[in-house]
Ligand SMILES: Nc1ncnc2c1ncn2[C@@H]1O[C@H](COP(=O)(O)OP(=O)(O)OP(=O)(O)O)[C@@H](O)[C@H]1O
Ligand SMILES: [Mg+2]
């Protein structure tokens with residue numbers, strides 16, 4: 001039996017001025033899928049995630065998240081954002097709050113969780129991302145990898161129905177990339193629905209259930225990650241994959 005998609009993107013068009021950035025993309029994500037979105041710089045990957053989160057208005061097509069049409073300025077967009085966890089390249093933690101406070105805040109403010117339960121949940125999640133000992137540290141005192149793990153714990157705190165990652169390890173020192181990928185692997189093992197923009201092809205091959213290769217605002221090719229990586233069908237994907245394998 002096929003499950004209803006969590007996310008439906010149907011012939012989406014996004015323009016900035018007269019430039020078409022997303023050019024008629026259609027894509028569904030079903031529960032438990034881990035979709036890895038790859039492609040050259042400037043291709044529209046981040047823009048696509050921003051459209052899904054209702055951070056950009058769109059010029060054509062439709063995005064539906066769990067039966068809710070996603071529209072940037074609608075009142076209901078808050079309901080969609082509550083159900084989608086977002087993790088960015090630059091962590092985006094509040095600098096004036098400790099790791100624990102960062103994880104408590106969204107639960108209390110957006111979801112109305114009482115502070116005590118929110119704190120318990122924060123501590124539980126900090127332990128899960130192996131940062132229990134850093135709960136009282138401010139972001140400036142944490143390494144990039146630690147900050148990103150706090151950001152992941154924060155995203156998980158409200159039990160989102162889908163997690164979106166935008167190059168979560170691209171801003172990290174090579175030695176801390178592994179610790180963040182390890183946490184992402186554990187989340188993936190829980191069969192959480194994930195949409196991940198990444199250049200980490202090993203992660204994509206081992207963890208992803210589907211790989212979508214985008215170029216110039218279009219989906220050029222998609223498939224099982226290992227198969228696409230081993231034998232890309234299109235010349236464009238072949239060239240891109242060669243370029244990132246040095
Ligand atoms: N707010 C904006 N106004 C105008 N153009 C924008 C805006 N945001 C993005 N763009 C343009 O849209 C195109 C796609 O950008 P996007 O950031 O989505 O690419 P990307 O695939 O995520 O690239 P990267 O791999 O470098 O992160 C780029 O040409 C970018 O300059
Ligand atoms: Mg990007």
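Here, each number is a calculation from the coordinates, and none is a lab measurement. The structure displayed is predicted, hence computed values, not measured ones. Here Cβ is always computed from backbone atoms with ideal geometry, including for glycine, and neighbour counts include all displayed protein chains.
For segment 56-74, what are the residues that are over 16 Å from residue 46 (Cα atoms) and in contact with a strand residue (DSSP E or B) (Cβ under 7 Å, 6 or more places away or on another chain)? Quick ask: steps written out before the conclusion?
Pass one, segment 56-74, residues over 16 Å from residue 46 (Cα atoms): 59-62, 64-71, 73-74.
59, 60, 61, 62, 64, 65, 69, 70 - these are the residues of segment 56-74 that are over 16 Å from residue 46 (Cα atoms) and in contact with a strand residue (DSSP E or B) (Cβ under 7 Å, 6 or more places away or on another chain).
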Can you tell me which residues in segment 126-145 are over 15 Å from residue 101 (Cβ atoms) and touching a residue at least 40 places away in the same chain (Cβ under 8 Å)? 128, 129, 130, 144
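For segment 204-221, which residues satisfy the criterion of being more than 16 Å from ligand 1 (Cβ to nearest atom) and either more than 14 Å from residue 34 (Cα to Cα) or assigned to a helix (DSSP H, G or I) (or both)? Explain how you work it out, then say what you get.
In the first step, residues of segment 204-221 are kept if they are more than 16 Å from ligand 1 (Cβ to nearest atom); the result is 205-210.
Scanning segment 204-221 gives 205, 206, 207.
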Selected residue [under 24 Å from residue 134 (Cα atoms), surrounded by fewer than 19 Cβ atoms within 10 Å (Cβ to Cβ) and touching a helix residue (DSSP H, G or I) at 6+ places or on another chain (Cβ under 7 Å)] from 157, 171: 171
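Got a sec? Which of 155, 151, 188 is assigned to a helix (DSSP H, G or I), farther than 19 Å from residue 50 by Cα, within 15 Å of the chain's Cα centre (by Cα) and touching a residue at least 60 places away in the same chain (Cβ under 8 Å)? Working first, answer last.
Values: 155 fails: farther than 19 Å from residue 50 by Cα; 151 fails: farther than 19 Å from residue 50 by Cα.
The unique qualifying residue is 188.
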Selection from segment 39-62 of residues touching a helix residue (DSSP H, G or I) at 6+ places or on another chain (Cβ under 7 Å), more than 8 Å from ligand 1 (Cβ to nearest atom) and on the phi > 0 side of the Ramachandran plot yields 54
For segment 108-133, the count of residues that are under 24 Å from residue 179 (Cβ atoms) and crowded, with 20+ Cβ neighbours inside 10 Å equals 5
Conditions (1) surrounded by 18 or more Cβ atoms within 10 Å (Cβ to Cβ); (2) within 16 Å of ligand 2 (Cβ to nearest atom); number of the one not met by residue 162: (2)
